Amino acid sequence: MAEQIHISKDLTKKEKYEALYSQLEVLLNVETDIVANMANLAAALKEVFDFFWVGFYVVKNDELVLAPFQGPVACTRIRFGKGVCGTSWEREQAIVVPDVEQFSGHIACSSLSRSEIVVPVIKDDKVVAILDVDSNKLDAFDNEDAQYLEKIVSLLKF
Ligand code: SME
């Protein structure tokens with residue numbers, strides 16, 4: 001039987017992240033394939049928080065290329081320094097965007113996306129991928145999301 005994520009809807013955001021981290025630690029540990037693990041991580045986040053779009057872009061040569069995700073079809077390639085994703089790659093830092101219309105250079109893969117958070121995945125001091133999460137509500141993310149998402153993506157062994 002496939003592994004499952006069990007997280008009560010009644011928990012606070014912090015409690016959900018804590019429970020999700022513990023369950024993902026087990027789930028991702030039993031599989032070594034990075035694509036399989038990115039796929040399950042994205043699916044788990046989408047399931048628990050019902051975000052509009054959750055997914056990865058991986059660094060390939062000088063671009064970010066779309067990788068496992070959950071949600072509507074999305075842009076496939078993003079250049080270094082472009083959009084929220086390319087800017088997070090360039091700064092090697094998480095970026096919280098409360099209103100995508102206020103982020104100069106934001107790349108709109110869907111007009112339904114209103115706010116966004118992007119977290120870099122860093123290995124050996126280099127960005128190897130980014131996790132992008134979009135919400136159809138304004139101001140859906142804060143620094144607490146950034147901290148937990150950074151912790152969660154650190155479970156991935158690139
Ligand atoms: N909005 C992102 C592009 C990726 S999609 O949101 C899935 C950006 O500005 O980089």
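The values are calculated or read from the model by the stated rules, or taken from the named source; none is laboratory data. Note that this is a predicted model, so its numbers are computed, not measured. We place every Cβ from the backbone using ideal geometry, glycine too, and count neighbours over all the protein chains shown. Protein only, heavy atoms only, side chains kept; ligands, DNA and RNA dropped before computing areas. Shrake-Rupley method; radii C 1.70, N 1.55, O 1.52, S 1.80 Å.
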From phi via Karplus (6.51, -1.76, 1.60), per-residue ³J(HN,Hα) for the stretch 67-77 in Hz, x at Gly/Pro = 10, x, 8, 10, x, x, 3, 9, 4, 8, 9
Could you give me the ³J(HN,Hα) list for the stretch 4-10, computed from phi with Karplus coefficients 6.51, -1.76, 1.60 and θ = phi - 60°, whole Hz, x at Gly and Pro?
-> 9, 9, 10, 9, 5, 5, 7
Relative contact order in percent for the chain (Cα pairs under 8 Å, 6+ apart) equals 21 percent
Along the stretch 140-148, what does the Karplus equation 6.51 cos²θ - 1.76 cosθ + 1.60 (θ = phi - 60°) give for ³J(HN,Hα), rounded to whole Hz, x for Gly and Pro?
-> 7, 10, 9, 5, 5, 4, 4, 5, 5
Report the net charge of residues surrounding Asn37, where surrounding means a beta-carbon distance below 14 angstrom and charges are Lys +1, Arg +1, Asp -1, Glu -1.
-> -2
Can you tell me the FRET efficiency between Gln102 and Asn29 if r is taken as the Cβ-Cβ distance and R0 is 35 Å, rounded to the nearest 0.05?
-> 0.35
For the stretch 6-158, which whole percent of the accessible surface, found with a 1.4 angstrom probe, sits on carbon and sulfur atoms?
-> 47 percent
Taking the chain, the whole-percent share of alpha-carbon pairs separated by over 29 angstrom is 11 percent
Output for the stretch 41-96 (equivalent-ellipsoid semi-axes, sqrt of 5λ from the C-alpha gyration tensor, Å, descending) is 21, 13, 9
For the stretch 7-60, using Cα atoms only, the Rg and Dmax in Å read 12.0, 40
Net charge dipole size for the stretch 13-153 [Lys, Arg +1 and Asp, Glu -1 on Cβ; Debye, nearest 20] = 300 debye
Which of the residue pairs Lys82/Lys137; Lys46/Lys137; Lys16/Lys126 have a Cα-Cα distance greater than 26 Å in the structure shown?
-> Lys16/Lys126
When the chain is treated as a GNM, springs tying every alpha-carbon pair under 10 Å, which of Val119, Val73, Val128 comes out with the largest mean-square fluctuation?
-> Val73
